[in-house]
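Below is one structure; the comments refer to it alone.
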Amino acid sequence: MSRTPLIAGNWKMNGRRAMAADWVAAVANAIPIGVEALVCPPFPYMDVIRGGTGGSRLGLGGQNLAEEADGAYTGGVSGEMLVDLGCTHVIVGHSERRLSGEDDQQVARKCSRARDAGLMPILCVGETLAQREAGETFNVVSRQIRSVLDGESEALLDGLILAYEPVWAIGTGHTASPEQAQEVHAALRELVAGYDAGLAESLRVLYGGSVKADNAASLLAQPDIDGGLIGGASLDADSFLAICQAAAS
Ligand code: PGA
(Lines give C-alpha, C1' and ligand atoms only; values in the text may rest on other atoms or scores of the structure.)
Protein backbone atom coordinates (compact mmCIF):
# COMPACT_ATOMS: atom_id res chain seq x y z
CA MET A 1 0.00 0.00 0.00
CA SER A 2 1.42 3.39 -0.80
CA ARG A 3 1.12 6.04 1.88
CA THR A 4 1.89 9.67 1.04
CA PRO A 5 5.02 10.53 3.02
CA LEU A 6 4.74 13.23 5.65
CA ILE A 7 7.64 15.43 6.72
CA ALA A 8 6.94 17.40 9.89
CA GLY A 9 9.36 20.00 11.22
CA ASN A 10 9.52 20.39 15.01
CA TRP A 11 11.30 23.62 15.84
CA LYS A 12 11.09 22.99 19.58
CA MET A 13 11.90 26.19 21.53
CA ASN A 14 13.94 27.78 18.75
CA GLY A 15 13.59 30.60 16.27
CA ARG A 16 12.67 34.27 16.24
CA ARG A 17 9.98 36.21 14.38
CA ALA A 18 12.36 37.32 11.59
CA MET A 19 13.72 33.81 11.15
CA ALA A 20 10.17 32.42 10.93
CA ALA A 21 9.29 34.97 8.25
CA ASP A 22 12.40 34.15 6.19
CA TRP A 23 11.88 30.41 6.62
CA VAL A 24 8.28 30.40 5.45
CA ALA A 25 9.11 32.65 2.50
CA ALA A 26 11.71 30.10 1.37
CA VAL A 27 9.70 26.93 2.06
CA ALA A 28 5.99 27.55 1.53
CA ASN A 29 5.95 27.38 -2.25
CA ALA A 30 8.84 24.97 -2.69
CA ILE A 31 7.34 21.76 -1.24
CA PRO A 32 7.90 19.04 -3.84
CA ILE A 33 4.95 17.14 -5.28
CA GLY A 34 4.44 13.72 -3.73
CA VAL A 35 5.07 14.71 -0.13
CA GLU A 36 3.02 16.35 2.60
CA ALA A 37 4.90 18.85 4.73
CA LEU A 38 4.07 20.70 7.89
CA VAL A 39 5.89 22.78 10.43
CA CYS A 40 5.36 22.94 14.18
CA PRO A 41 6.83 26.26 15.32
CA PRO A 42 6.70 27.70 18.84
CA PHE A 43 3.22 29.13 19.62
CA PRO A 44 4.31 32.81 19.42
CA TYR A 45 5.43 32.40 15.80
CA MET A 46 2.41 30.53 14.46
CA ASP A 47 0.85 33.66 13.04
CA VAL A 48 4.03 34.62 11.20
CA ILE A 49 4.15 31.20 9.58
CA ARG A 50 0.44 31.23 8.84
CA GLY A 51 0.79 34.60 7.16
CA GLY A 52 3.29 33.12 4.72
CA THR A 53 1.51 29.88 3.88
CA GLY A 54 -1.48 31.32 2.00
CA GLY A 55 -2.31 29.07 -0.94
CA SER A 56 0.72 26.86 -0.38
CA ARG A 57 0.87 23.16 0.54
CA LEU A 58 2.72 23.79 3.80
CA GLY A 59 0.65 22.78 6.82
CA LEU A 60 0.86 23.99 10.39
CA GLY A 61 0.94 21.98 13.61
CA GLY A 62 1.34 22.56 17.35
CA GLN A 63 4.13 21.10 19.46
CA ASN A 64 1.82 20.48 22.41
CA LEU A 65 -1.69 21.21 23.67
CA ALA A 66 -3.46 21.39 27.01
CA GLU A 67 -5.25 18.35 28.41
CA GLU A 68 -8.29 20.54 28.96
CA ALA A 69 -10.64 22.54 26.76
CA ASP A 70 -10.68 26.34 27.16
CA GLY A 71 -10.92 27.62 30.71
CA ALA A 72 -9.02 28.70 33.80
CA TYR A 73 -5.67 27.05 32.99
CA THR A 74 -3.01 29.75 33.17
CA GLY A 75 -0.35 29.27 30.55
CA GLY A 76 -2.31 26.65 28.63
CA VAL A 77 -2.99 26.49 24.90
CA SER A 78 -6.09 24.52 23.92
CA GLY A 79 -6.67 22.39 20.88
CA GLU A 80 -9.40 24.81 19.82
CA MET A 81 -6.87 27.66 19.87
CA LEU A 82 -4.54 25.67 17.66
CA VAL A 83 -7.35 25.08 15.18
CA ASP A 84 -8.17 28.79 15.33
CA LEU A 85 -4.54 29.53 14.38
CA GLY A 86 -4.80 27.27 11.35
CA CYS A 87 -3.25 24.08 12.76
CA THR A 88 -4.34 20.70 11.49
CA HIS A 89 -1.91 18.56 13.52
CA VAL A 90 -0.37 18.51 16.98
CA ILE A 91 2.60 16.62 18.41
CA VAL A 92 1.65 14.68 21.53
CA GLY A 93 3.89 12.81 23.95
CA HIS A 94 7.25 14.01 22.67
CA SER A 95 10.01 12.52 24.80
CA GLU A 96 11.11 15.99 25.90
CA ARG A 97 7.68 16.42 27.47
CA ARG A 98 7.65 12.91 28.90
CA LEU A 99 11.07 13.58 30.47
CA SER A 100 9.64 16.65 32.14
CA GLY A 101 6.94 14.54 33.76
CA GLU A 102 4.14 13.90 31.26
CA ASP A 103 2.86 10.37 31.81
CA ASP A 104 1.01 7.89 29.60
CA GLN A 105 -2.38 8.92 31.01
CA GLN A 106 -1.78 12.59 30.25
CA VAL A 107 -0.58 11.68 26.76
CA ALA A 108 -3.78 9.68 26.24
CA ARG A 109 -5.94 12.58 27.43
CA LYS A 110 -4.10 14.97 25.12
CA CYS A 111 -4.63 12.67 22.15
CA SER A 112 -8.35 12.54 22.75
CA ARG A 113 -8.52 16.31 23.34
CA ALA A 114 -6.73 16.80 20.04
CA ARG A 115 -9.26 14.63 18.22
CA ASP A 116 -12.18 16.40 19.94
CA ALA A 117 -10.79 19.74 18.79
CA GLY A 118 -10.42 18.46 15.23
CA LEU A 119 -6.64 18.00 15.19
CA MET A 120 -4.64 14.98 14.06
CA PRO A 121 -2.33 13.91 16.87
CA ILE A 122 1.23 12.88 16.02
CA LEU A 123 1.80 10.47 18.89
CA CYS A 124 5.49 10.10 19.75
CA VAL A 125 6.89 6.94 21.28
CA GLY A 126 10.42 5.74 21.85
CA GLU A 127 12.81 4.04 24.23
CA THR A 128 15.83 5.36 26.10
CA LEU A 129 19.28 3.92 25.54
CA ALA A 130 19.09 1.97 28.81
CA GLN A 131 15.75 0.47 27.76
CA ARG A 132 17.15 -0.52 24.35
CA GLU A 133 20.20 -2.11 25.92
CA ALA A 134 17.95 -4.03 28.30
CA GLY A 135 15.98 -5.42 25.34
CA GLU A 136 12.91 -3.43 26.39
CA THR A 137 12.31 -1.41 23.21
CA PHE A 138 9.18 -3.14 22.04
CA ASN A 139 7.65 -3.35 25.53
CA VAL A 140 8.17 0.37 26.03
CA VAL A 141 6.70 1.53 22.73
CA SER A 142 3.79 -0.94 23.02
CA ARG A 143 2.91 0.34 26.47
CA GLN A 144 3.06 3.92 25.20
CA ILE A 145 0.70 3.13 22.33
CA ARG A 146 -1.66 0.83 24.20
CA SER A 147 -2.25 3.40 26.91
CA VAL A 148 -3.59 5.73 24.23
CA LEU A 149 -5.54 3.23 22.14
CA ASP A 150 -7.07 1.00 24.81
CA GLY A 151 -10.63 2.10 25.28
CA GLU A 152 -10.53 4.77 22.59
CA SER A 153 -9.12 2.98 19.61
CA GLU A 154 -11.98 3.58 17.20
CA ALA A 155 -12.24 7.30 17.79
CA LEU A 156 -8.51 7.83 17.76
CA LEU A 157 -7.13 5.53 15.15
CA ASP A 158 -8.71 7.25 12.21
CA GLY A 159 -6.34 10.13 11.53
CA LEU A 160 -3.73 9.13 14.09
CA ILE A 161 -0.09 9.46 13.07
CA LEU A 162 2.68 7.71 14.99
CA ALA A 163 6.25 8.89 15.35
CA TYR A 164 8.93 6.48 16.50
CA GLU A 165 11.62 8.59 18.12
CA PRO A 166 14.27 6.65 20.02
CA VAL A 167 15.27 8.99 22.84
CA TRP A 168 18.95 8.18 22.31
CA ALA A 169 18.76 9.45 18.73
CA ILE A 170 17.10 12.81 19.40
CA GLY A 171 19.46 15.73 18.95
CA THR A 172 22.49 13.46 19.40
CA GLY A 173 23.59 12.90 15.81
CA HIS A 174 23.24 9.12 16.46
CA THR A 175 20.38 8.17 14.21
CA ALA A 176 18.87 4.69 14.33
CA SER A 177 20.02 2.62 11.39
CA PRO A 178 17.37 2.14 8.70
CA GLU A 179 17.15 -1.53 9.76
CA GLN A 180 16.74 -0.71 13.45
CA ALA A 181 14.02 1.81 12.67
CA GLN A 182 12.26 -0.47 10.18
CA GLU A 183 12.12 -3.29 12.75
CA VAL A 184 10.29 -1.07 15.27
CA HIS A 185 8.05 0.54 12.64
CA ALA A 186 6.90 -2.86 11.37
CA ALA A 187 6.20 -3.97 14.94
CA LEU A 188 4.19 -0.81 15.60
CA ARG A 189 2.08 -1.38 12.50
CA GLU A 190 1.46 -4.97 13.60
CA LEU A 191 0.44 -3.77 17.04
CA VAL A 192 -2.07 -1.33 15.54
CA ALA A 193 -3.36 -4.10 13.26
CA GLY A 194 -4.52 -5.80 16.46
CA TYR A 195 -6.95 -2.89 16.87
CA ASP A 196 -7.89 -2.37 13.22
CA ALA A 197 -6.15 -4.15 10.37
CA GLY A 198 -7.42 -1.75 7.68
CA LEU A 199 -6.32 1.39 9.48
CA ALA A 200 -2.95 -0.17 10.28
CA GLU A 201 -2.32 -0.41 6.54
CA SER A 202 -2.96 3.28 5.99
CA LEU A 203 -1.36 4.41 9.28
CA ARG A 204 1.64 6.66 8.81
CA VAL A 205 4.57 5.93 11.10
CA LEU A 206 7.19 8.70 11.04
CA TYR A 207 10.76 8.27 12.20
CA GLY A 208 12.44 10.98 14.26
CA GLY A 209 15.89 11.31 15.75
CA SER A 210 18.79 13.06 14.02
CA VAL A 211 17.25 12.88 10.54
CA LYS A 212 19.31 15.07 8.20
CA ALA A 213 19.36 15.73 4.48
CA ASP A 214 22.10 13.13 4.01
CA ASN A 215 20.51 10.21 5.90
CA ALA A 216 16.84 10.83 5.08
CA ALA A 217 16.72 8.86 1.83
CA SER A 218 17.96 5.58 3.33
CA LEU A 219 15.54 5.81 6.26
CA LEU A 220 12.61 6.76 4.05
CA ALA A 221 13.34 3.88 1.67
CA GLN A 222 12.23 1.41 4.35
CA PRO A 223 8.78 -0.05 3.70
CA ASP A 224 7.27 0.95 7.05
CA ILE A 225 8.86 4.39 7.40
CA ASP A 226 6.27 6.84 6.10
CA GLY A 227 7.96 10.13 6.79
CA GLY A 228 9.97 11.99 9.37
CA LEU A 229 9.64 14.20 12.41
CA ILE A 230 12.56 16.55 12.03
CA GLY A 231 13.99 18.63 14.85
CA GLY A 232 17.31 20.43 14.35
CA ALA A 233 17.44 19.97 10.58
CA SER A 234 14.03 21.59 10.13
CA LEU A 235 15.27 24.98 11.31
CA ASP A 236 17.21 25.50 8.12
CA ALA A 237 14.91 26.01 5.12
CA ASP A 238 17.28 24.34 2.64
CA SER A 239 17.83 21.24 4.72
CA PHE A 240 14.10 20.92 5.47
CA LEU A 241 13.38 21.11 1.73
CA ALA A 242 16.13 18.60 0.96
CA ILE A 243 14.49 16.13 3.37
CA CYS A 244 11.12 16.77 1.70
CA GLN A 245 12.78 16.08 -1.64
CA ALA A 246 14.21 12.79 -0.34
CA ALA A 247 10.72 11.78 0.79
CA ALA A 248 9.15 12.70 -2.55
CA SER A 249 11.58 10.76 -4.72
P1 PGA B 1 16.23 15.93 16.05
O2 PGA B 1 14.84 15.96 16.86
O3 PGA B 1 15.88 15.80 14.60
O4 PGA B 1 16.89 17.25 16.38
O5 PGA B 1 16.99 14.75 16.57
C6 PGA B 1 13.74 15.17 16.48
C7 PGA B 1 12.59 15.40 17.41
O8 PGA B 1 12.82 15.54 18.62
O9 PGA B 1 11.42 15.46 16.97
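The values are calculated or read from the model by the stated rules, or taken from the named source; none is laboratory data. Predicted model, so just to flag it, every value in this text is computed and none were measured. Cβ atoms come from the backbone with ideal geometry, glycine included; neighbour counts cover every protein chain shown. For accessibility, only protein heavy atoms count, side chains too; no ligands or nucleic acids. Shrake-Rupley method; radii C 1.70, N 1.55, O 1.52, S 1.80 Å.
List of remarks:
- Convex hull (Cα only) mean projected area of region 1-146, reported in nm² to one decimal: 10.5
- Taking the centroid of alpha carbons for each part, region 188-249 and region 12-41 are 17 Å apart.
- Peptides 164-173, 207-216 ordered by packing proxy, namely the average of other Cβ atoms within 10 Å per residue, highest first: 207-216, 164-173.
- Relative to the 2.2 N^0.38 Å rule of thumb, region 153-249 has a C-alpha radius of gyration ratio of 1.08.
- Projected area, mean over directions - region 6-248, Cα convex hull, nm²: 12.2
- Relative contact order of the chain, taken over Cα pairs closer than 8 Å and 6 or more residues apart, is 23 percent.
- Rolling a 1.4 Å probe over the protein heavy atoms of region 6-248, with every protein chain left in place, gives an accessible area that is 51 percent carbon and sulfur.
- Considering only 182, 195, 172, the residue lying farthest towards the positive end of the dipole of region 162-207 is 172, judged by Cα position with unit charges set on Cβ.
- Positive minus negative residues near residue 232 (Lys, Arg vs Asp, Glu; Cβ under 11 Å): +1
- Each Lys and Arg Cβ is given +1 and each Asp and Glu Cβ -1; about its Cα centre, the chain then shows a dipole of about 540 debye.
- The residues of the chain present an accessible area of 43 Å² per residue when probed at 1.4 Å with all protein chains retained.
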